[in-house]
Structures are given as structure tokens and as C-alpha cells.
Amino acid sequence: MSGIRHTVAVLASALVLIPAVTARAQSADPDRAPKFPGVYRYVGIMEGFHLPETCVERWTLRADGTLLLESGASVSRGRWSVDRDADDLDWLTVSEQVPNGARDCSGGITPPDLEPIRHHVVLMNSGDFQICLTPRRLADGSSIQGPCLYALRREGDAPAKEGVSP
């Protein structure tokens, strides 16, 4: 392999592996691990997933496990939980959503009988998290983190005692 091709191959591999290595290092140090409860604002990071600039999507994840999801005129109340699987991957599950039937930022309407949604998440030291594609397992058993579809940027702490009944 020529020197330039080798360099390009190494750089491309690094771009794919850095998020996975960073996520693994962050989860290994509990003092640096971000806490999920809080108020987050949607931030598009991949073409095709951007919301209109005039529309705000905000996720309020309360410490008691309740969720308030505001997207445009749509307001949905529900529950959230986080678990870590055997591969040390973090998953955010949103369940028991009760929407108000209004249109969200993408123009859709959340159906009232929505099944629980499980998102693979990568936690950031900033307190933000990214919703990502599930990592692929290679033939040798190692995994590669796929692209992240969008991010939720921390806006502040959710009121710890303010509950929302789903």
C-alpha cells in the first residue's frame, strides 16, 4: 500500500473509532460520567435530520423517571429509563408516551399507542448525549460505533421533585 493510501486508511479508521473509544473511556470513569436527568435541546448533526430553525424540540428527563417531550406544538408526557447491556452500550428507552395530538417540528403527529422506543446513546463529558446507530460487530468480535443521528444538548437541570404523570 502506498504511503498516501496507508495514511488515508489510518485516518479514516481513527475517525470511526474515536467516538467509540471516547464513549468507552467516559463510561469507565463514574466521576466524569454525565447524569441523564436534565433539560435537553435537540441539535441536528446529520444531514436530513435538521429541524426548522423556528422550531424547538426540548426533552425534559426528570430524576423520577418522567419525561416531558416538547416539539413544536406537540407535547408528550411519558417515562424514560437508561440501561447498559452486556456489550457495555448505553440505551435510553422512552415509554408510556401520552401525546397531545398536535404536530411536532417535523410535521408529524405522535400516535397515542406508540410502543416503547429504545435509543442507543453515547454520553458526552459535557452532559450532552447523542442518539446513534447501534455499533456493528466485526468478524473478529470487535465493534465499530456507527454514525450518530442527532444530539441532545444539555440546557439545565430538571426540577428534581416536579413529576409528570404519564
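The values are calculated or read from the model by the stated rules, or taken from the named source; none is laboratory data. Source: prediction; values computed, not measured. Using ideal geometry, Cβ is built from the backbone for each residue, glycine included, and neighbour counts are taken over all protein chains shown. Just so you know, the surface numbers come from the protein's heavy atoms only, side chains and all, with ligands and any DNA or RNA stripped out. Shrake-Rupley method; radii C 1.70, N 1.55, O 1.52, S 1.80 Å.
Working only within region 84-108, note down all residues that are surrounded by fewer than 16 Cβ atoms within 10 Å (Cβ to Cβ) and either within 18 Å of LEU152 (Cβ to Cβ) or of a type in the set (Phe, Trp, Tyr) (or both).
Matches in region 84-108: TRP91, THR93, SER106.
So that you can scan it fast, the table gives a plain yes or no per residue for (1) within 17 Å of the chain's Cα centre (by Cα); (2) assigned to a loop (DSSP other than H, G, I, E, B); (3) modelled with pLDDT under 75; (4) among the aromatic types (Phe, Trp, Tyr):
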{"site": "LYS35", "(1), (2), (3), (4)": "yes, yes, yes, no"}
{"site": "CYS55", "(1), (2), (3), (4)": "no, yes, no, no"}
{"site": "ASP64", "(1), (2), (3), (4)": "no, yes, no, no"}
{"site": "SER81", "(1), (2), (3), (4)": "yes, no, no, no"}
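Tally up the residues in region 62-83 that are in contact (Cβ under 8 Å) with a residue 24 or more places away in the chain, surrounded by fewer than 18 Cβ atoms within 10 Å (Cβ to Cβ) and under 17 Å from ILE131 (Cβ atoms), please.
1
Restricting attention to region 115-136, and to residues there that are free of Cβ contacts under 8 Å to residues at least 40 places away in the same chain and open to solvent by 50 Å² or more (accessible area, probe 1.4 Å), which single residue is nearest to TRP91 (Cα to Cα)?
Here the residue is ARG118.
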